[in-house]
Amino acid sequence: MARLAQTAGLTDIQEEILATVRTFVDKEIIPHAQTLEHGDTYPADIVEGMKEMGLFGLTIPEEYGGLGESLLTYALVVEQIARGWMSVSGVINTHFIVAHMLKQHGTPEQKEKYLPRMAAGEVRGSFSMSEPELGSDVAAIRTRATKSGDGYSISGQKMWLTNGGTSNLTAVLVKTDEGAEKPHQNLTTFLVEKPEGYGEVLPGLTIPGKIDKMGYKGVDTTEMVFDGFEIAADQILGGVSGQGFRHMMDGVEVGRVNVAARACGIAIRAFELAIDYAQQRKTFGKAIAEHQAIAFKLAEMATKVEAAHLMMVNAARLKDSGQRNDVEAGMAKLIASEYCAEVTQEAFRIHGGYGYSKEYEIERLMREAPFLLIGEGTSEIQKTIISRGLLREYQSRG
Ligand SMILES: Cc1cc2nc3c(=O)[nH]c(=O)nc-3n(C[C@H](O)[C@H](O)[C@H](O)COP(=O)(O)OP(=O)(O)OC[C@H]3O[C@@H](n4cnc5c(N)ncnc54)[C@H](O)[C@@H]3O)c2cc1C
C-alpha cells in the first residue's frame with residue numbers, strides 16, 4: 001500500500017524485514033489464502049517459509065538465537081501478514097505471547113530450555129486461560145493444580161485454545177491453593193510440554209478435535225482436557241506459584257497490540273479491494289467510485305485505517321520504551337477492531353452482490369473481522385481497562 005499505514009522513524013533493519021515480509025505475503029500468502037481457508041487447511045508451507053525467515057524468533061533475544069526485534073517490528077510484521085490472511089498471524093501470535101512471557105518471567109533454566117528452540121520454530125507456543133464457563137472473567141478459573149508428590153496434578157477443562165493441536169508447549173493458567181484472599185492471586189501458569197496432535201496426547205491430557213469456526217480457518221482452535229495430568233513443579237513459569245495472573249496479563253497486553261495490528265492488516269486489505277473494485281464496476285454510465293456516496297465511503301475507510309494504524313504504532317512504541325501501556329493498548333485494540341469491522345462491512349457493500357460470493361476475498365474478511373472484537377478481551381473489556389486507567393490518572397480533587 002503506497003500511501004496508507006506508513007510508519008515514520010523505522011530503522012533500516014525494520015524497513016528491510018517489512019519489505020521481505022510484504023513480498024512474502026504478496027507471493028506466498030495472498031494467492032493461496034482463499035483455497036486454504038475454504039478448505040480449512042493448515043498452511044504448512046507458509047509456516048515453513050516463516051520459519052526460514054526467522055519470524056518465530058523475531059522478538060526472542062539474540063543470545064537465545066532470535067532476532068531480538070521490538071514489539072513494534074513484530075506488530076508491523078503481523079499487520080502485513082494479516083493483510084494476506086489473518087489465520088497465518090494466528091499461528092505466530094500465541095507463540096509470540098508465550099515467548100514474551102518466558103523472556104520476561106521465566107527462570108534462567110526455562111529460558112535456556114525453550115527460547116532457542118522457540119526461535120528456530122521447533123518449539124511452538126500456545127496459551128490457555130479460557131474455559132467453557134469463562135473468558136473475560138479470568139480470575140474465575142476452575143481448572144485446578146493440586147500438590148502430588150514433588151509435583152502437581154492438574155484436572156479441569158480449557159476452551160478456545162488457538163494452536164491447541166499444532167503447538168507443543170502450552171502456557172496454561174490454573175488455580176492453585178495459595179490461600180490468598182484475592183482470587184487472581186491463587187493462579188499459576190504451568191508450562192505444559194505435549195506432542196502435537198489430537199486425542200489423548202499424554203496420560204491425563206486430551207486435545208479433542210478442532211472447533212468448527214465461522215472464520216479464522218486453517219489455524220486450529222481446540223479444547224484441552226486435564227484429568228489427573230502429572231507435571232513437575234519446575235514447569236511453573238518463573239518457578240513460583242501464585243504469579244500466573246500477572247504473567248498472563250503481561251502476555252495479553254502485548255497480545256492486544258498484536259490483535260490491533262491484525263485488525264489494521266484486515267482493514268488495509270478490505271480498503272485495497274474496495275478501492276480497486278470501485279474503479280472497475282460501472283453503474284449508470286460511470287465507475288461507482290465516481291458516485292460521491294462511494295467516494296466518501298472510501299475516504300472514511302482510509303481515514304479509519306490511518307487512525308487505527310497510528311494508535312497501534314503508538315501503543316507498541318510505548319511498550320518498547322518500557323512504559324506502562326495498558327490504556328493505550330486497550331485503546332488501540334478497541335479502535336482497530338471496531339474500525340476493522342466497519343471498514344470490512346463498507347468494502348463488502350461496495351462489492352454489491354459479488355461480495356457475497358465465495359469467489360471474492362471480501363467474503364473471507366467479513367468472517368474474520370468479528371473475531372477481533374472478541375479475542376484478547378472484548379470491546380467491553382477494553383473499555384473497562386481504559387476507563388479504570390483514566391480514572392486512576394484523572395483523580396478528582398473535588
Ligand atoms: C477463535 C477464538 C480463539 C481464541 N483463542 C484463545 C486462546 O488461544 N487462548 C485463550 O485463553 N482464549 C482464547 N479465546 C477465548 C477468548 O479470549 C474469549 O472468548 C474472550 O475473552 C471472551 O470471553 P467469553 O467468550 O467467555 O465471553 P464472556 O466473558 O462470557 O462475555 C460475553 C459477553 O459479555 C460481555 N461482558 C463480560 N463481562 C463484562 C463486563 N464486566 N462488563 C460488560 N460486558 C461484559 C462481553 O464483552 C461479551 O460481549 C479464543 C476465542 C475465540 C473465539
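The values are calculated or read from the model by the stated rules, or taken from the named source; none is laboratory data. What you are looking at is a predicted structure, and each value in this text was computed from that prediction instead of being measured. Neighbour counts are summed over all protein chains in view; Cβ atoms, including those assigned to glycine, are modelled from backbone coordinates with ideal geometry. What goes into the accessible areas is simple: the full protein's heavy atoms, side chains included, and nothing from ligands, DNA or RNA. Shrake-Rupley method; radii C 1.70, N 1.55, O 1.52, S 1.80 Å.
Search segment 177-190 for residues that are touching a residue at least 40 places away in the same chain (Cβ under 8 Å) and pair each with any residue that is open to solvent by 10 Å² or more (accessible area, probe 1.4 Å) and of a type in the set (S, T, N, Q) when their beta-carbon atoms are under 8 Å apart and the residues are at least 6 apart or on different chains.
GLU178/GLN185; GLU178/ASN186; GLU178/SER241; ALA180/ASN186; THR188/SER241; THR188/GLN243; THR189/GLN243; PHE190/GLN235
Within the set of pairs 6+ apart or on separate chains, which have a first residue in segment 373-384 that is more than 19 Å from ASN93 (Cα to Cα) and open to solvent by less than 30 Å² (accessible area, probe 1.4 Å), a second that is of a type in the set (Phe, Trp, Tyr) and near the ligand (Cβ under 6 Å from one of its atoms), and C-beta atoms under 6 Å apart?
none
Taking the condition in a helix (DSSP H, G or I) and closer than 15 Å to VAL259 by Cα, does MET312 pass?
Answer is yes for this residue.
Is it the case that segment 282-302 has a residue that's crowded, with 19+ Cβ neighbours inside 10 Å and either under 19 Å from the mean Cα position of the chain (by Cα) or charged (D, E, K, R) (or both)?
Yes.
Only one of GLU178, GLU200 is of a type outside the set (S, T, N, Q) and over 26 Å from LYS103 (Cβ atoms). Can you tell me which?
GLU200
Within segment 206-237, which residues are more than 16 Å from the ligand (Cβ to nearest atom) and of a type in the set (Ser, Thr, Tyr)?
The answer is THR206, and nothing else.
A quick yes/no check of all residues on (1) touching a Cys at 6+ places or on another chain (Cβ under 9 Å); (2) without any contact (Cβ under 8 Å) to a residue 60 or more places away in the chain; (3) charged (D, E, K, R); (4) closer than 22 Å to THR7 by Cβ:
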| site | (1), (2), (3), (4) |
| --- | --- |
| GLU28 | no, yes, yes, no |
| HIS38 | no, no, no, no |
| TYR42 | no, no, no, no |
| GLU63 | no, yes, yes, no |
| LEU67 | no, yes, no, yes |
| SER70 | no, no, no, yes |
| ILE81 | no, no, no, yes |
| THR94 | no, no, no, no |
| HIS100 | no, no, no, yes |
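Tell me yes or no: at least one residue of segment 50-59 is free of Cβ contacts under 8 Å to residues at least 12 places away in the same chain and on the phi > 0 side of the Ramachandran plot.
Within segment 50-59, not a single residue is free of Cβ contacts under 8 Å to residues at least 12 places away in the same chain and on the phi > 0 side of the Ramachandran plot.
Which residue pairs have Cβ atoms closer than 9 Å, lie 6 or more positions apart in sequence or on different chains, and pair a first residue in segment 226-238 that is modelled with pLDDT of 95 or more with a second residue that is among the basic types (Lys, Arg) and open to solvent by less than 30 Å² (accessible area, probe 1.4 Å)?
Qualifying pairs under 9 Å: PHE226/LYS158.
Taking the condition of being charged (D, E, K, R) and under 19 Å from MET214 (Cα atoms), how many residues in segment 341-398 meet it?
9
Residues checked against (1) in contact with a strand residue (DSSP E or B) (Cβ under 9 Å, 6 or more places away or on another chain); (2) on the phi < 0 side of the Ramachandran plot; (3) in a helix (DSSP H, G or I); (4) assigned by TED's automatic domain parsing to the domain that holds THR303:
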residue: GLY215; (1), (2), (3), (4): no, yes, no, no
residue: MET224; (1), (2), (3), (4): yes, yes, no, no
residue: ASP227; (1), (2), (3), (4): yes, yes, no, no
residue: GLY251; (1), (2), (3), (4): yes, yes, yes, yes
residue: VAL254; (1), (2), (3), (4): no, yes, yes, yes
residue: ILE266; (1), (2), (3), (4): no, yes, yes, yes
residue: LEU273; (1), (2), (3), (4): no, yes, yes, yes
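Among the residues of segment 107-130, which ones are within 16 Å of VAL252 (Cα to Cα) and open to solvent by 10 Å² or more (accessible area, probe 1.4 Å)?
Correct list: PHE127, MET129, SER130.
If the requirement is being under 30 Å from LEU202 (Cα atoms) and touching a Lys or Arg at 6+ places or on another chain (Cβ under 6 Å), which of these qualifies: MET224, MET249?
Result of the check over MET224, MET249: MET224.
Across segment 136-163, which residue is most open to solvent (accessible area, probe 1.4 Å) among those that are in contact with a helix residue (DSSP H, G or I) (Cβ under 9 Å, 6 or more places away or on another chain) and within 11 Å of the ligand (Cβ to nearest atom)?
Taking the candidates together, the pick is SER136.
Hey, among ARG324, ARG367, which residue is without any contact (Cβ under 8 Å) to a residue 40 or more places away in the chain and not assigned by TED's automatic domain parsing to the domain that holds LEU71?
Going through ARG324, ARG367 in turn, the sole match is ARG324.
Which of the following residues is in a helix (DSSP H, G or I), touching a helix residue (DSSP H, G or I) at 6+ places or on another chain (Cβ under 7 Å) and modelled with pLDDT of 95 or more: GLU380, GLU328?
Details: GLU380 fails: touching a helix residue (DSSP H, G or I) at 6+ places or on another chain (Cβ under 7 Å).
Exactly one of GLU380, GLU328 is in a helix (DSSP H, G or I), touching a helix residue (DSSP H, G or I) at 6+ places or on another chain (Cβ under 7 Å) and modelled with pLDDT of 95 or more, namely GLU328.
Out of GLY265, GLY255, which single residue is surrounded by 17 or more Cβ atoms within 10 Å (Cβ to Cβ) and at pLDDT below 95?
Going through GLY265, GLY255 in turn, just one is surrounded by 17 or more Cβ atoms within 10 Å (Cβ to Cβ) and at pLDDT below 95: GLY255.
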